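Structure first, then comments.
We did not get these values from a lab; they are worked out from the coordinates using the rules stated. Predicted model, so just to flag it, every value in this text is computed and none were measured. Every residue, glycine as well, gets a Cβ built from its backbone with ideal geometry; the counts of neighbours run over all protein chains shown.
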Amino acid sequence: MTAIEPAPVMLPGQDLATIDRAVGDAVLRPATPLWWWGGFTIAVAFTGLFILAVEYLFIAGVGIWGIDIPVAWGFAIANYVWWIGIASGGTIISALFYLTQSEWRSAVNRIAESMTLFAAAAAAIMPILHLGRPSFFYWLFPIPNTMGLWPQFKSPLLWDFFAILAYVTASVLFWFLGLLPDLAMVRDRATTRGSRVFYGIAAMGWTGSHRQWRLHKSAYGLLAALMAPLVISVHSIVGLDFSGGLLPGWHSTQFSPFFVFGAVLSGFATVLLLVIPLRRLYRLEAFITQRHLDLLVTFLLLCSLLLAYSYFIDALLPFYGDDKFERATQLHRFTGDWAWSYWGAWSLNVVAPQILWVRALRRDWLICLIAFGVVVGMWLERIMLVASSLYEDFLPSSWGHYVPTLWDWLILFGSAGMAAAGFFLFLRYLPVLAAYELKEILPPPSRHGESQG
Amino acid sequence: MSGLAAEFAAEAALVEAAGRLRQAGLRRIEAYTPYPVEALDDFLPRPRAILPVLVFAAGILGLAGGFLLQWYGAAVSYPLDIGGRPPASWPAFIPIAFEIAVLGAVTAGFIGFFALAGLPAPYQPIALLPGFERASQDRFFLVVDEADPRFAAADVASILGGFPCRVVPWRP
Amino acid sequence: MTEFGRRHLMQLVAASAALAGLSGCGPSETPEKMTPRVDQAPGETAGEASYVATAVVQEGFATGAILQHRMARPVKLEGNPDHPASLGAADAPMQGTVLDLYDPGRSAAVLSGGQIADWNRLALALAEKRRQWSKDGGTGLRILTGSISSPSLAAQLAALSQQYPAARWHSWEPLSRDNVAAGARLAFGKPVDALPQFDKADIVLGIESDAISAAPGHLAFARAFGARRRAAETGSGKMSRVYAIEATPTLLGAAADHRFALKPAEIELALRAIAAAVDAGPAEWRGSERPGWVDAVARDLAAHHGAALVHAGPEQSPAIHALACAINAALGAPLRHIEPVAADAPGLAELAAEMHDGKVETLLILGVNPAYDAPADLGFVEALKRVALSIELATHVDETAQLATFHVPALHMFEDWSDARAFDGTATILQPQIRPLVPGHSAPAMLALLAGTQDFSARDLVQDTWRQRVSGDFAAAWSGWLRKGVVDNTAAADAAVTLRRDFATALPKPAQTASALTVLLRPDPFLRDGAQANNGWLQELPRPFTRLTWDNAALIAPATAGRLGIASEELVDIARGGGKKVRLAAMVLPGQAEGVVTLSLGYGRRAIGAVGEGVGSDAGVLRVSTAPWQADDATLHATGQTYPLATTQQHQTMDGRDIVRTFSVDDLPKAAAAPERASLYPPYPKGDNAWGMAISLGSCIGCGACTAACQAENNIPVVGREQVMRGRAMHWIRVDRYWSDDVANPGARFQPVPCMHCEDAPCEVVCPVDATVHDTDGLNVMVYNRCVGTRFCANNCPYKVRRFNFFGYSGRDPRPAMSWNPDVTVRDRGVMEKCTYCIQRIRETKIAADRDNRPITDGEAKTACQQACPTEAIVFGDLNDAESAVRKRKASPLDYALLEELNTRPRTTYAAHVRNPNPEIKEG
């Protein structure tokens, strides 16, 4: 990223007060903008569809989906991997770049973390919906049952269960810790009694004393240092869910890094997709500058290349080795029922983003388009990995097909609506930028309120 | 605590004032700022950093506990023949042990922070200081505790008088 | 979903109706005082099974069976080892009879004009008639039955014809073997049954033969046939060589070393050529343009005088049967000739003619359904309208029931006393297995009603019939017969036959039909003539070659399909020269002769019950009495529409993978294919037993009996067509069918695939909740109650033998609760299931052995599939026991593990398929 000649992380003419106005008033203004209502309504509508689909799922059973034998896994698993991947992007931005002390992170980490939160929530639901008997999901907890039987600790699925548990919990704590001082700021700016009480409780009595700041910095640093390896491990374990099996196309040693690359790629894409419209809608151009977009795009391109490497290795190894099953599966991916998902992943995740190397082309709309393409492409990759290894494996007699039903699609789009609804609530009621971090990176002369007293 | 409070509009003045007070031998000073001001570290009392120790301990505990849990459940309490694998196949226990360790450390860090910072606190007397609501926005406050052995209202006032700030006696 | 919901509802309605009848009036007119049991009845222990011998009667012939009773109700049928037609095996239709017994769709009330009628109305009407018959000797009284081998029923009919000399008895068997008899008449001048003795046959030539698939005694034939096919594998004697000439695939053809797919017209010419070559016919029969293999086959037959035989299927023309008789005579073939077992009677054509002429006033139809399966040209439905009083006895309210004046619910063959004879004449007494579930009547009871017999009892009838046949203590003999399931020394004696001198000249000239398209009408492998069409097990059992369920299809050779531009699942209209047409989906089937389309009978039932109604299309409308099996003047029109077929196998070849290994008998491997592979894991200590299974691919004929038996034993639910199409069939043991890569004339390879019970099972490692684990006997056990349904185990099973309850299939299955096997958990929605090696049977023997403080003896624990298998292809036992049959099988160099490179260490292994080709012949 040294290649990029540095645009400013923050436009000049800002001081403590302007930051507070930009961040705080967006939360406290009485009038809710029309675009918010529009977006929120759509999101809630899809959430309704999601609830409907889940209700019917619980009543009728997973048979309403397209899954069968041999393809016993379907959308639920693909959606899960997809969502958790998107989530990881936020954690990488807020945790990894905190450790590298990258100033630019301060303007986007709150948005990224919040996105992580709702994406992780959507992800966490999927494995439970996926179960044949969802009401017994708690049997995965490490508690012996009445017969003294424990869960099976050698199963990648159990590893995954613990990974999600740790990841979702840690994400919430990390997010709230970072939010605390800004909640206090909003509390102190609040005018109506309701908001004073609400944010007063939320801020938990934060005063901004030096002692608190020191503890906060140390705690935040520690959590960041823990979140970074955690998110990597979560994705490696998701990769093991597949490579732990012996199926051709799954049983691969490179899946863990492969999955991490893909996850971060989709994460950055989603952040771009959110940040670009938000800086317009919230007039945040001063804080989220071209510099941020350039950086995010650069990382998008980096991940895209890393993923290309994984795709390439994945496609190459079967023909390098002599496992006829691996080869057959790879050929099925090239030409079989689900070839469209395979080539879709290549073109959307690897080929299309490359045009962003041309800086002149980095128009907002084009970046959004590419980013959206990546988000779609990553889902295609997930469903491709799930379905194409299953429907034609070892014994030709057992080869089958996989045809998703309406209910599969409702679960997918419904979960997106649910995550979006959550994110809209965050936009309306919580500070979308980390105000105190922005104040910290203000150039020293402008670190003052508007009127010198 | 109670004593003298000074409200600054800019960080630089605050830091300088804190330095002068420190020179004057005052120890019991607290600053309230809208964002962390690292320059104050040299002049304000520095609590011992026990949070990292706490987090590390929790992590190690989680790791050990995670291994123990799995080993006990799979090899001692209810051993079963799972796919011909040995009951205590430790490599398979690594991921869960790691996740538990991280979860433990993160939770410890979070709870530890709130405990040490004395949060949540429904009532913060300092909040009654007039204009204090801007401490979280664009004002900087210094409070000198009269309980400080070297505290003398006049001296402190005169020191602070040398800076662009509003000095008010502070009684909760 | 929706279609599921609808069917489910209808089934529930049917079920409640049946149960209402069940709880309502008992079978006997005199109400009996019921006493609730306080102490256990002698000889019965709760939870322990008792076994009662009887027989299953199919197309008139008996096959011995033993019914396993639990708490005084039959739950599982096994073959009777002491019965010559079973030898312990049981085919799929036999297994299905248990489900028929409990079928909620059974008729439970006397009907008249579709309305429930009072039995007395019928009784009075007949009393009226009896008065008249006693005057006019039964003029206008006709009785129509199926093919009958029952001595007591025959005796009853004889007595009846004494009482009413003018009355007539006709018999109608939709799957008749008349051509066999006609062929015998042509050859020997009299009808005889010829029983092939495959144990003595080095060379077998099958002419679309049903000897091991459907012929009376096919289970016994298959046993001997399989033993000779396994000879090279077990090193016991000489392996037989099998040739097949056929227009449409048969199981014997699939097992053949050389199979020649010919058009029907060509078959007779080829057979004449062979006959000439073995001096069974004039030299001019050899023909000029015969294919090269004909002489080679003939030479091989001739070279094995006394050890070579020809067998032709019942659908072949009398001429072909006559030729077969002649060739067998010339070869001194190992056959037994016996007097026909089934009683002879005038057929349906004569009856229909009389009905049209209005000569029939009263018609009693016993257990046949001519309104559905009578040849179209007889116009039976119209004729029936001209009969004043028609009474039908049937288990279901079927097509005939809707036309007859009265419909009387029939008792199931397990609900009343009767007797029947096997293919070799051996008689069996059929004992009632359960108090009738519906207030029905039996055929003898109906005949007794005609005769006016007072307080008739079927038991007395059977006893009286047999009392005359034994000298000495009848009671002792009787109980002996019942216990054994066989009446001693009743096998038919050999009948002397000599070939007619004028045989060659008397033989009708071969028909010179050069039609582009020949339609063959063949019985469905499992539904047969459709009488069992309301049986979900049989409907959902994949057909051996097509792997098709819940439908019949127009089977057509790839070449012909290409010529006509037809693809699988395309709807076609097939008509016989301007006659009625039948519409059904085409299915391209390798092994069909060019220009030949095969349709299965037994489908398109218009009335029988919620399960069977409207399944498939009724190909019977193409039948005419003169040519019931074949339509040469058939036309086929593609409609352009498509109709999805519910097949359980999507891919038909092995793609060059090492799945079914095949060796020629001349170069068998000397040592085991692969030595035990190394493993990272230390071995677990073996328990008292180490259960394992060996499956001989060489002797598996693909009949599907194992799948049916497994479904019956293990409470495997029926899921329905729509679910099968979505890849959710639940069978625990499937029989994979691969076509060998020879496109021109592909051979079929059958491979039964149950759970392999891998020692290093991939499924167990990925289960997060210990729902599938190993037990100390090395079984891969499935703990239903612990399963949360992640389905990772199914993904990770390289053999894909795991089945998942995507819906609550068991709850939707229409069978009544009392019919499930109480020894096996009925699985709930959302749990995984799979083959357990019939663990309930293993435990039963284990408990018995522990009680007697002895080890389990070899063969004591049999899996359901093993027990039903007619060819003994499946052997199960304890690998710790060095003397066990399974250990011996696995010691063979032919033994191999499926996908052994994965090193899952399966407990189920296969013996490679062995072929014995004729070096002189390249093709086939």
Which residues' amide hydrogens lie under 5 Å from the amide hydrogen of C:C758, considering only partners 5 or more residues apart or on another chain, with H built in the peptide plane? C:R907
Relative contact order (%) - the range C:227-356, alpha-carbon pairs under 8 angstrom, separation at least six: 16
At q = 0.08 Å⁻¹, the log10 of I(q)/I(0) for chain C from a Debye sum over equal Cα scatterers comes to -0.75
Kindly express, to the nearest 10 degrees and within the range 0 to 90, the angle between helix A:290-320's C-alpha long axis and the longest C-alpha principal axis of chain A. 10
How many angstrom separate the Cα center of the range A:344-379 from the Cα center of the range C:525-601? 52
Given chain C, what percent of its DSSP beta bridges are antiparallel, to the nearest 5? 60
Step through the table entries C:K509/C:K580; C:K129/C:K484; C:K263/C:K890; A:K324/C:K670; C:K190/C:K263, compare each Cα-Cα distance with 32 Å, and write down the pairs that go over it. C:K129/C:K484; C:K263/C:K890
Sorted by average packing, counted as other Cβ atoms within 10 angstrom per residue and highest first, what order do B:54-61, C:84-91, C:854-861, C:471-478 take? C:84-91, B:54-61, C:854-861, C:471-478
So for the range C:421-468, taking the charge dipole from beta-carbon charges (+1 Lys/Arg, -1 Asp/Glu), which of C:G440, C:F456, C:W466 sits furthest toward the positive end? C:G440
For B:D148, other-chain or 5+-apart residues with amide H closer than 5 Å (H placed, Pro excluded) are none
Ignore the peptide's own chain and count Cβ atoms of other chains within 10 Å of each Cβ in B:89-101; give me the average, rounded. 6
With only alpha-carbon pairs counted, each pair once and no self-pairs, how large is the Kirkwood hydrodynamic radius of chain B in angstroms? 19.7
Antiparallel bridge percentage (DSSP; both residues within the protein assembly as shown; nearest 5): 65
Given the rule -39500 (n - 2.57) for each run of at least 4 DSSP H residues, summed and divided by the residues of chain A, what is its mean residue ellipticity at 222 nm, to the nearest 500 deg cm²/dmol? -22000 deg cm²/dmol
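Using only atoms on other chains, find how many Cβ atoms lie within 10 Å of each Cβ of peptide C:800-813 and report the average.
Counting other chains' Cβ atoms within 10 Å and averaging over C:800-813 gives 4.
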Principal axis dimensions, the range A:26-158 - Cα atoms, whole angstrom, descending: 55, 38, 31
Counting only residues 5 or more places away or on other chains, whose amide H sits under 5 Å from the amide H of C:L144 once H atoms are built in the peptide plane? C:H170, C:L364, C:I365, C:L366
Taking the mean number of other Cβ atoms within 10 Å as a proxy for protection, how do you rank A:339-346, A:313-320 from highest to lowest? A:339-346, A:313-320
At 222 nm, what value in deg cm²/dmol follows for chain B if DSSP H runs of at least 4 each add -39500 (n - 2.57) and the sum is divided by all its residues, to the nearest 500? -13000 deg cm²/dmol
Scoring chain B by relative contact order with C-alpha pairs under 8 Å, at least six apart, yields a percentage of 52
Going from the alpha-carbon gyration tensor of the protein assembly as shown, what semi-axes, largest first and in whole Å, does one get by taking the root of 5 times each eigenvalue? 81, 33, 30
Taking the alpha-carbon centre of each part, the distance from the range C:163-179 to the range A:388-417 in Å is 57
Expressed as a whole number, the average count of other chain Cβ atoms within 10 Å around the Cβ atoms of A:129-140 is 5
Given contacts defined as C-alpha pairs under 8 Å and at least six residues apart, what's the relative contact order of the range A:77-149, whole-number percent? 40
Measure out, as a whole number of angstrom, how far apart the alpha-carbon centroids of the range C:416-445 and the range C:340-379 sit. 23
How far apart, in nanometres, would the label points at C:D344 and C:Q650 be if each is projected 7 angstrom from Cα along the Cα-to-Cβ direction? 5.5
Summing +1 per Lys or Arg and -1 per Asp or Glu among the other residues with Cβ less than 9 Å from C:N534's Cβ gives -1
Which value at 222 nm does chain C reach when only helices count, each DSSP H run of 4 or more adding -39,500 (n - 2.57), with the total divided by all residues and rounded to the nearest 500 deg cm²/dmol? -7500 deg cm²/dmol
Sites matching trypsin sites (Lys or Arg not before Pro) across the range A:178-221 that sit in DSSP coil, with at most 13 neighbouring C-beta atoms within 10 Å: none
Cβ-Cβ cut-off under 9 Å around C:P917, Lys and Arg +1, Asp and Glu -1: the net charge is 0
Using the count of nearby Cβ atoms within 10 Å as a rough guide to exposure, how do A:M185, C:M587 rank from fewest to most? C:M587, A:M185
D (µm²/s, integer) via Stokes-Einstein for the range A:278-339, Kirkwood Rh across alpha-carbon pairs, 25 °C, 0.890 mPa s: value 165
For q values of 0.21, 0.30, 0.33 Å⁻¹, compute log₁₀ I(q)/I(0) with the Debye formula on a Cα-only model of the range C:815-861, without solvent. -0.83, -1.12, -1.20
Placing unit charges on C-beta atoms (Lys and Arg positive, Asp and Glu negative, everything else neutral), compute the dipole magnitude of the protein assembly as shown about its Cα centre in debye, rounded to 20. 2580
